[in-house]
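Colleague: Have a look at the structure that comes next, please.
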Amino acid sequence: MIKLRESPIFVSSMEEIIKILEAGKVLLAPTDTIWGILCDATNSKAVRKVYDLKKRPECKAMVCMVSDIDMLKKYIDDLPPKLDYYINDHRPTTVIYNNPKGLAQNAIARENTVAIRIVNHHFCTPLIKTFGKPLISTSANISGATLPQKFSDIDTEIITGVDHIIESDKDKVNPQPSRIIKIEPSGEISLLRS
């Protein structure tokens with residue numbers, strides 16, 4: 001079981017944030033890695049907004065975040081036992097899974113794969129748990145631009161293009177994206193980014 005870090009007090013209420021997500025809107029928020037653009041991963045219109053905001057082609061799928069292993073199992077049927085080491089590690093790890101279900105079609109790559117991370121974060125984990133569904137989490141930058149290490153690095157076009165900004169961790173510097181692994185059709189695990 002992943003142990004959560006202590007939670008700070010949020011400026012926005014969780015109820016307000018959930019309503020924003022339920023309405024298919026887009027958030028700008030800190031995550032367990034870098035600042036991200038978040039939306040309901042089961043809502044194709046919300047996912048489309050994120051692609052448009054980032055100026056990213058839909059053929060380049062984005063990462064989904066889930067709160068825990070139980071939520072992951074609702075969207076992925078086959079979890080190899082070797083995966084336990086990676087998803088229970090303290091380091092943020094994104095896994096590319098085969099044959100997802102229940103997500104927006106434009107959240108799934110053409111190869112019928114999806115990148116999902118079990119998130120361990122003082123804001124994102126309780127948000128996803130309360131929302132009850134995965135969230136898209138993609139870097140808060142225009143596609144191809146430099147990744148933002150802190151809030152002040154985020155392009156004005158992104159800031160003005162989202163529906164709500166989470167007022168937390170704005171001064172925190174987090175330069176580290178997640179490790180990425182892929183489950184091959186054989187069930188073997190490949191490390192794509194360490």
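Colleague: Filter region 168-194 for residues that are more than 16 Å from H121 (Cβ to Cβ) and in contact with a Pro (Cβ under 9 Å, 6 or more places away or on another chain) and give the result.
Modeller: I183, G187, E188, I189, R193
Colleague: Under 16 Å from P92 (Cβ atoms) and at pLDDT 95 or above: does that describe S194?
Modeller: Values: under 16 Å from P92 (Cβ atoms): yes; at pLDDT 95 or above: no.
No, not satisfied.
Colleague: Moving to a separate point now. List every residue pair whose Cβ atoms sit under 9 Å apart, with the two residues 6 or more apart in sequence or on different chains, where the first one lies in region 94-109 and is of a type in the set (A, V, I, L, M, F, W, C) and part of a helix (DSSP H, G or I) and the second, anywhere, is at pLDDT below 95 and crowded, with 16+ Cβ neighbours inside 10 Å.
Modeller: Final answer for the pair search is A107/A61; A107/M62.
Colleague: Only residues that are over 18 Å from the mean Cα position of the chain (by Cα) and outside any helix (DSSP H, G or I): list them for region 51-88, please. Walk me through how you get there before you give the answer.
Modeller: At the first step, the residues of region 51-88 found to be over 18 Å from the mean Cα position of the chain (by Cα) are 77-85.
If the condition is that a residue be over 18 Å from the mean Cα position of the chain (by Cα) and outside any helix (DSSP H, G or I), then D77, D78, L79, P80 are the ones that fit.
Colleague: Moving on to the next point. Determine which single condition H122 fails, assuming it passes every other condition in (1) in a loop (DSSP other than H, G, I, E, B); (2) of a type outside the set (A, V, I, L, M); (3) surrounded by fewer than 15 Cβ atoms within 10 Å (Cβ to Cβ); (4) at pLDDT below 95.
Modeller: Unmet condition: (3).
Colleague: Return the only residue of Y75, Y86 being at pLDDT 95 or above, among the hydroxyl-bearing types (S, T, Y) and crowded, with 16+ Cβ neighbours inside 10 Å.
Modeller: After applying the criteria, what remains is Y75.
The values are calculated or read from the model by the stated rules, or taken from the named source; none is laboratory data. The structure displayed is predicted, hence computed values, not measured ones. Note that each Cβ is placed from the backbone with ideal geometry, even for glycine, and that neighbours are counted across all protein chains shown.
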